[in-house]
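Peer 1: There's a structure below that I have some questions on.
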Amino acid sequence: MKKGIVLTIVLIVFLAAAGVLSVESYTAKPQFCGTKCHIMDKPYKTWQASKHGKSGKVEVRCVDCHYAPGEKMTLHAKFKGLGQLFTYLSSDEKEVRKATHIADISCTTSKCHPADQFMDKKLKYGEKKKVSFTHKTHFDKTIPGQEMHCTTCHIKAGDEKHFEVPKEQCYICHFRKSDFNKGRGACNLCHEIPTTPLQSQKKNAQPDKDEKIITHQSLEKAGVACQSCHYQMIRGETALMPRACKECHSDTAVLAKKNDMKLMHSEHVAKQKAQCADCHQPIVHKESDFIEAARLNCASCHPDHHSYQKALLVGNPYGEVPATPNLMYNVKTNCLGCHQKQEVLKGEPVLRGAARACVDCHTKDHEKLLADWEKEVQGEVAFAKENHDRALALLDEFKDRLDPERVAAFKEQIAKGQQALDIVVYGNGVHNKKYAIMLIDEAMNSIYAVLDELEPLAEEQNATEENRQ
Amino acid sequence: MSTNRTDDRREMLRVSGAAVVAAGLMSTSLLQPKEAGAARAKAPHWVMIMDLRRCMGCRACTVACKAEYDVPLGAFKTVVKQVVTGKYPDTRRTTIPRRCNHCEGTEKVGKMTVPPCVKVCPEYPKDRRVFITPEGKKIRYRGGATYKRPDGLILLDNDSCTGCGKCIDACPYGARTFNKRKAAGKDKSKHAIVKCTSCVHRLDEGVTPACVNTCAAGARIFGDLNDPDSEVARLAREFKLLENRDKTTMKPEAKTMPNIFYIDPDGVLADYSFDEKDKLAEYRDIVE
């Protein structure tokens, strides 16, 4: 009898242990987190796409990171999980937790990314792998009240790849309240400043001792500001977003503390709850349109000033016309490159484009180019205008003999042609002669479509009149 | 035969006006605007077929071309190259006549596709021109220092040429070179460009090009591909020249869609290659 009781107890203990272990190992599977728990759908998919997931060498389970080492297989962890389930069931919110907590130790365990191996390792970051980077410098330098954790930068969870570093995350620290190319915004912190000649024709040529070669360094020596070529590299204020605090908090006592930078950072960043972009406006670090720099002077009074001229110079595809940028645009010559001649127009000083500017960079023969271009474009515009007017006049003459639908269609065609023609007329075709002529052809195609239908009518009318005489 | 005149819209209308009215284009086009476009007659599509089975390398074409034009000494518009295939003692020499391919081109300028030489020309598009098809229909196009006529010919207009040489660089076949005896029209300090024009002056009068006329073996066959009864159309169907452009045209990897086809049953064309750097040397006819 006694034997039987002992056996039953052993069996029960064994079964209970087996049950706990199987439940334990089942709930530690990523598939349990990702597919059984439907609010984890997005993070699960991004995990699958990342190096930690199925596309990586080793599949790292959710619990490996989301629980600290030693904690992940314990009953404590499971009770935490049950706690989360309870919060979810008792709440109406679609999303229960905004941010997760991942301890640095989870990442830096000896079998994953041991600190002694990766801290000093020189890495390349970015799409083109051109930005040099080390982890150590980032762990050493921090803003007051802020600690850097792995997840401060490796924040991607709900989109793209799990743990990926978005470049906007770098910009907020590097460019917020810093001058261009100064301090932590210095270009050479991330980019290698090239020493090769800036003149394209000298890039592959044999070096000549007597010849002065222009490089980034020689420009720096001459005191040329970086901004004169790399125009407006940083855009955005990174100010606090007006409604950011209220997204999470409603207590006025809490909201009143929002200007305490040290407290805010230690609460949100050091404790790894919020991401920079949750509170700060995003910043853009990208080469901006260099033509804008020259147009800026006029823009305060004429917001859309010189837009046609710019459209011509840039030469974007228009209708059937393929992309045809001006050759000057390709070598980054902005408006001021040609518009150098000071003149006073209606009492206002203006800068006129002059053929003299061509000679400065090219040869003496280039002086006559501008006049040639002007003459050619003017002739083309005159021809197009004449035909445009003729099309309108003919339409007016024969509109009674055509049905109203066709008249409307013709009018639309003519208006379409006029649009293309306007760019050349208002933008002055010399800004891109080739593109201007192609635009006029585009306009003429619309006008000819109308003329081809109406001119035979006019011819016929002329013939009958002649017969009558 | 087609005529090619620089545009004056009124003048052109005066010439073709009567024919247009007679054709009743007016009444039909007003009634059926959409079908009128479809009825527009096509321009000819000039192609030349080089029958490599027949060419025996006599160079009569080279000489005829030299005689027809003022081709400068040392420059050629058409040459005959040769390829040796096989291994000793079983070798064979094939002669390959070459000239400007008058490529169809894949790069767009407006509604037209043009080859790279036309695309790069800084003086294209230039003056307005009108092409009149054999049926009397008009097709509008643009001239330039180098330009494409609607019948597919790539032509030169020295008057507007600045002699910049961009087209020489752009041509993947080396078919263009400077005419050292002639100055460019717009910049007299530079040389004019010389290349095959498919004997456009003869063609417009209804005469075949000089090289075709003189080819004793009948290795050069010239004609209009749009005409289904023509010799070229028949050969194109028989040898599937259009379908197998990869094997029947020179340097298909340049993707310029040449209009010079080769009947090449032994696949010799694939063995013929030249270095991009020395492409201009390929247009020197040196008898080995």
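Peer 1: Alpha carbon centre of segment A:242-289 versus segment B:66-106: separation in Å?
Peer 2: Computed from Cα coordinates, the inter-centre distance equals 73 Å.
Peer 1: As a test of the definition: with a 1.4 Å probe, what buried accessible area, both sides summed, do you compute for A against B, in Å² to the nearest 100?
Peer 2: 2600 Å²
Peer 1: What angle, in degrees between 0 and 90 and rounded to the nearest 10, separates the Cα long axis of helix A:433-468 from the longest principal axis of the Cα atoms of chain A?
Peer 2: Value to nearest ten degrees: 40.
Peer 1: List the trypsin sites (Lys or Arg not before Pro) within segment A:291-385 that fall in a DSSP loop (any state other than H, G, I, E or B) and whose Cβ has at most 14 other Cβ atoms within 10 Å.
Peer 2: Those that pass, being in a loop and sparsely packed, are A:332, A:346.
Peer 1: Does segment A:348-393 come out rounded, prolate or oblate by the C-alpha gyration tensor, with a ≥ b ≥ c the root eigenvalues, rounded set by a/c under 1.5 and, if not, prolate when a/b is larger than b/c and oblate if not?
Peer 2: Because a/c hits 1.5 or more and a/b fails to exceed b/c, segment A:348-393 counts as oblate.
Peer 1: So, with a 1.4 angstrom probe, what is the percent of accessible area on chain A that is carbon and sulfur?
Peer 2: 58 percent
Peer 1: Next up: In deg cm²/dmol and to the nearest 500, what is the mean residue ellipticity at 222 nm of the protein assembly as shown if only DSSP H runs of at least 4 residues count, each as -39500 (n - 2.57), divided by the residue total?
Peer 2: So the helix-based figure for the protein assembly as shown works out to -11000 deg cm²/dmol.
Peer 1: I would also like to ask the following. Summarise the partner chain shielding of A:430-437 as one whole number: the mean count of Cβ atoms from other chains within 10 Å of each residue's Cβ.
Peer 2: Mean shielding count: 3.
Peer 1: May I have the extent of the alpha carbons of chain A along their three principal axes, as whole Å values ordered from largest to smallest?
Peer 2: So the three principal-axis extents are 138, 72, 53 Å.
Peer 1: Also, I was wondering about something else. For residue B:261, enumerate residues with amide H under 5 Å from its amide H, sequence gap 5+ or separate chain, H modeled in the peptide plane.
Peer 2: B:48, B:49, B:50
Peer 1: Given labels modelled 7 Å from the Cα in the Cβ direction, how far is it in nm from residue B:216 to residue B:281?
Peer 2: Once both label points are built, they end up 3.1 nm from each other.
Peer 1: Pairs to check: A:346/A:433; A:130/B:119; A:51/A:129; B:42/B:77; A:121/A:273. Give those whose C-alpha atoms are more than 26 Å from each other in this structure.
Peer 2: Listed pairs above 26 Å: A:346/A:433; A:130/B:119; B:42/B:77; A:121/A:273.
Peer 1: Can you pull out the trypsin sites (Lys or Arg not before Pro) in segment A:1-89 whose DSSP state is coil and whose Cβ has at most 15 other Cβ atoms within 10 Å?
Peer 2: Sparse-neighbourhood loop trypsin sites (Lys or Arg not before Pro): A:51, A:54, A:57.
Peer 1: Something else: Return the lysines within reach of residue B:81: Cα separation strictly under 21 angstrom, same-chain partners fewer than 8 residues apart disregarded; answer none if there are no such residues.
Peer 2: Reachable lysines: B:66, B:195, B:247, B:251, B:277, B:279.
Peer 1: While we're on this one: Strictly over 32 Å apart at the Cα level, which of B:188/B:255; A:57/A:122; A:161/A:257; A:310/B:148 would you flag in this model?
Peer 2: Too far apart for the 32 Å limit: B:188/B:255; A:161/A:257.
Peer 1: A follow-up question, please. Protein chains only, probe 1.4 Å: how do A:125, A:67 rank by accessible area, largest first?
Peer 2: I get A:125, A:67, largest accessible area first.
Peer 1: Charges on Cβ only, +1 for Lys and Arg, -1 for Asp and Glu, centred on the Cα centroid of chain A; of A:334, A:255, A:117, which one is farthest towards the dipole's positive end?
Peer 2: Ranked along the dipole, the leading option is A:117.
Peer 1: I would also like to ask the following. Which shape class applies to segment B:125-234: rounded if a/c is under 1.5, otherwise prolate when a/b exceeds b/c and oblate if not, where a ≥ b ≥ c are the square roots of the Cα gyration tensor eigenvalues?
Peer 2: The shape class here is oblate.
The values are calculated or read from the model by the stated rules, or taken from the named source; none is laboratory data. Given the structure is predicted, the values throughout are model-derived calculations rather than measurements. Positions of Cβ are generated from backbone atoms using ideal geometry, with glycine treated the same way; all protein chains shown enter the neighbour counts. Calculation scope for accessible area: heavy atoms of the full protein, side chains included, ligands and nucleic acids excluded. Shrake-Rupley method; radii C 1.70, N 1.55, O 1.52, S 1.80 Å.
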